[in-house]
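Written out below as C-alpha cells is the structure these notes cover.
The values are calculated or read from the model by the stated rules, or taken from the named source; none is laboratory data. These figures come from a predicted structure and were not determined experimentally. Glycine gets a Cβ as well: all are built from the backbone with ideal geometry, and neighbour counts include every protein chain shown.
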C-alpha cells in the first residue's frame, strides 16, 4: 500500500501495468494487488473529493483532461499523480468481465471475450480497504448517538450491479452507513463501482461482516433492525418506524434467511397493489429507504 | 397469427423450429414471426392466467412439468398445446443475446457467443401484439373515469431490462396502464419479459406511441402528466399529487427531453439527502409510484 506509483510513461496496451489494471475485474487480483479501479469522471470526482485517502493514481486521455479539468485540480490538491495516456491504453485497462452472467469473473487476457465498457477516457486506481470482520461493529458503534440514523445492511446480495445500485440509493436517501456481510458481492468490483456512480465514496461502506455480529451491534447502539416480509402484519406506510433504523436486505432470489428474519425486531410488509407477487431487492430497498427519508423530513 | 402450431415432436436442437424460437431474441424476427417467447414458470403462469389470448404453445421438460403441474392445467383450460421436450431443446431455444452491452441483438446461430440463461425447463410462445400508434390514445380514453388512476409513460427508455423492471414496479404499485413511446426498448424482448416476471401480462401495456399524442390524450382524460426534475420547486413528498396522474419517465442517460418536460403540467423534485447527484430511472419511478400508492391508500 505504501509503494509509490510507477512514474514511467505507458505506451503499450500489452504492458504489464495495463494488464494488471485489467485484471482488477477479478476479486483475487484486487486482493493480491490491494487495489481497485474507478471509471468515468463522475465516480473519479467523488473519489478525489470525498475519499482522497483511497486514491492512488489517475490515468486520463488529453481529451478527457480537457473536458474535465477539475479532476486534475482535485488530484493535484490531494497529491495524486495524473498520467496522460492514449485512449487505447484506457480501453485496454477496462477490457473485462461483461461477457456472461458470471458476476465477477476476470478475463483480462481474453481480447476476444473482452467487452468494451465506456470509461469516458479517465480511470483511477484506489487502495482496496482491508476486509475486516470487526469493521462493521466498530462503524455501528461510531454512529452518532441519540439522533436519527439510517443504516443499510446487505446480506447475501450476490450481484455486483445490485450492490452498487443499492449503495447509490442508500446514499440518495441519506443513509449514514452501509454494511455488507461477507457473503455479498464485492462493492469494489468494477461493475459495482460503476453502478454506485460515486456513492461508494460518499458514505461509510464496510465489508466482510458477520450478520450475527451486525445484529448484536445494532441492538447495542439502539438501532432497530428492520426486515421486509410479505407475511408481516405491519404495513410499511402505516407502521411506526423508529428514528434509528437499519434496513436488512437479503438475497436476490430467496430474500432473507429464516434466522435473520426472526432475529430482526421489526418486520414490515410493502403493500403490493397489482398482481406482482414480489419486488426485487433494489425496488424494496428504495421503497423502504425513501419512506424512512419522508418520515425523517416530516418530523423535522 | 391464425396458423396452427406444428404438432410434430421436436427432437433436434438444430431443427428449424428451435432456431426460429432462438431467433426471437431479435426484434426483427419477432416482427416477422409475429411471436415472442416467455421463459420460466412464474412468467408463463401469468401469461396463461391473465392473457391466455396471447398464448400460442408451451414447451416443457418432464421435470418442469412435474414441478409445476398447474401450468399444464392452465394451458389445457385455455386450449393451449403443451409439448414435452428434452432439456437440451429448451436450452437451444434460449441461446441468445447476453454477450454484450447491445441491448437487443439477436445471435441465435452463434453457439460460441450464445450465453445460457436459466429458463427452468419451461418456455412459452405468445402472439406478438401489433404495434399500433393509436393504441395508447385508445387505452388512455378507455381508463375508468372520475376515479383515481395511475399511468406510467416510458419515453426513450432504451434498455430492455429497465423496461421490464419498470413494468414490474408499475404493476406492484397498482398502475392501471403502461404506455411506451416508439423509441423505447421492446417489452417483448426476452430480457424485458424476464425482468417483468409476469407483470407484462398483469396490466395493459401498449407500445409504439408518439409522446405528443400521449400528452394530449392524458389531458383529454383529465389525467395530469407529471415529470421529475432536479430543478422543480415542488418536492414529491409535500407536493399536492392529483388522484389521476401519469408519471412520464425518460431516458436512462439524459432523462426527459426539454420539450416533454415543459409540456408536462406537473414537475416534482425527489429529495436527495446524501451526496448522490441523481437517481437512475427505475429508482426515481419506484419512489414516485409508491408515494402515489401511499397517498391513494391514505385517502381510502
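Residue by residue, here is whether (1) in contact with a helix residue (DSSP H, G or I) (Cβ under 8 Å, 6 or more places away or on another chain); (2) in contact (Cβ under 8 Å) with a residue 40 or more places away in the chain; (3) over 24 Å from residue B:283 (Cβ atoms) holds:
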| position | (1), (2), (3) |
| --- | --- |
| A:184 | yes, no, no |
| A:193 | yes, yes, no |
| A:221 | yes, yes, yes |
| A:241 | yes, yes, no |
| A:284 | no, yes, no |
Self-check item: Residues within region A:250-274 that are in contact with a helix residue (DSSP H, G or I) (Cβ under 6 Å, 6 or more places away or on another chain) and within 14 Å of chain B (Cβ to nearest Cβ), tallied
Solution: 5
Practice problem: Considering only residues that are buried (at least 20 other Cβ atoms within 10 Å of the Cβ) and under 25 Å from the mean Cα position of the chain (by Cα), look in region A:223-243 and name the one that is farthest from the other protein chains (Cβ to nearest Cβ). | Solution: A:225
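If the requirement is being at pLDDT below 95 and within 21 Å of the chain's Cα centre (by Cα), which of these qualifies: A:252, A:210, A:277?
On the way: A:210 fails: at pLDDT below 95; A:277 fails: within 21 Å of the chain's Cα centre (by Cα).
None of the others qualify; the one that does is A:252.
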Quiz item: Would a scan of region A:15-31 turn up a residue that is surrounded by 13 or more Cβ atoms within 10 Å (Cβ to Cβ), at pLDDT below 95, touching a helix residue (DSSP H, G or I) at 6+ places or on another chain (Cβ under 6 Å) and part of a loop (DSSP other than H, G, I, E, B)?
Solution: no
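In region A:172-190, what residues are within 14 Å of another protein chain (Cβ to nearest Cβ) and crowded, with 24+ Cβ neighbours inside 10 Å?
A:172, A:173, A:175, A:178, A:190
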Quiz prompt | Unmet requirement for residue B:44, which otherwise passes all of (1) more than 21 Å from residue B:67 (Cα to Cα); (2) touching a strand residue (DSSP E or B) at 6+ places or on another chain (Cβ under 8 Å); (3) crowded, with 16+ Cβ neighbours inside 10 Å | solution = (1)
Quiz item: For region A:53-66, how many residues meet the condition of being surrounded by fewer than 16 Cβ atoms within 10 Å (Cβ to Cβ) and either out of contact with any strand residue (DSSP E or B) (no Cβ under 7 Å at 6 or more places or on another chain) or in a loop (DSSP other than H, G, I, E, B) (or both)?
Solution: 3
Quiz item: Does residue A:180 satisfy being assigned by TED's automatic domain parsing to the domain that holds residue A:66, assigned to a strand (DSSP E or B) and touching a strand residue (DSSP E or B) at 6+ places or on another chain (Cβ under 9 Å)?
Solution: no
Self-check item: Residues of region B:275-300 satisfying the condition of being touching a strand residue (DSSP E or B) at 6+ places or on another chain (Cβ under 9 Å), within 7 Å of chain A (Cβ to nearest Cβ) and surrounded by 18 or more Cβ atoms within 10 Å (Cβ to Cβ)
Solution: B:279, B:287, B:293
